[in-house]
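The values are calculated or read from the model by the stated rules, or taken from the named source; none is laboratory data. Nothing here was measured: the structure is a model prediction, and the numbers come from that model. Please note: Cβ atoms are built from the backbone with ideal geometry, for glycine as well, and neighbour counts cover all protein chains shown. Surface accessibility is based on the protein's heavy atoms, side chains included, excluding ligands, DNA and RNA. Shrake-Rupley method; radii C 1.70, N 1.55, O 1.52, S 1.80 Å.
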Amino acid sequence: LSCIDSRVSTEILFDQGYIRDFKFEEDNKQGVIKIALKYNPSTRVPAITKLQRASRPGLRKYNGAGEIPRVLNGLGIAIVSTSKGVITGKEATRQNVGGEVLCYVY
């Protein structure tokens, strides 16, 4: 993921309730993202059980507006880079835009 995609993807994970908090720190060479993970208080099960990269530099994965994948029948999210910005798969379907599927989170 590029730097901009990483920042926006982190904000999406926070908005969707997968992480508790995050902080961007500037470094001399590159920025650092510090993320506080979210756990269920009673069972201590993490909110993110799997984060799977879909697209990679050697093999980009693009989907049209009607082909955005549903993750675990709607229980997870797909993060998609579209012409309207980096958004969730549900939002891409709602806006009728396709793009590069970056990752799946569940």
**Report entry** Per residue accessible area in Å² of the range 1-95, where ligands, DNA and RNA are left out and the probe is 1.4 Å
**Finding:** 71 Å²
Query raised in the report: What are the residues whose amide H is under 5 Å from the amide H of Gly76, where those residues sit 5 or more places off or on another chain and H is modelled from the backbone?
Result: Val71
Report summary line: Of Ala92, Ala36, Ala54, the most mobile residue in a GNM of the chain (C-alpha springs, cutoff 10 Å) is Ala36
Query - Label-point separation, Gln16 to Arg94 (7 Å along Cα→Cβ), nm - result: 1.3 nm
Report task. Any of Lys29/Lys50; Lys38/Lys90; Lys29/Lys84; Lys29/Lys90; Lys23/Lys61 with alpha carbons more than 26 Å apart? Name them for me. Result -> Lys29/Lys50; Lys29/Lys84; Lys29/Lys90; Lys23/Lys61
Query raised in the report: Mind checking the dipole of the range 36-106: about its Cα centre, +1 per Lys or Arg Cβ, -1 per Asp or Glu Cβ, Debye to the nearest 20?
Result: 180 debye
Report summary line: Given trypsin sites (Lys or Arg not before Pro), DSSP loops and at most 16 other Cβ atoms within 10 Å, the longest exposed-site-free stretch of the chain is 1-28
Query raised in the report: Carbon and sulfur: what percent of the chain's accessible surface (1.4 Å probe)?
Result: 49 percent
Report task. Please work out which option in (1) 1.11; (2) 1.00; (3) 1.39 gives Cα Rg over 2.2 N^0.38 Å calculated from these coordinates, and answer with its label. Result -> (1)
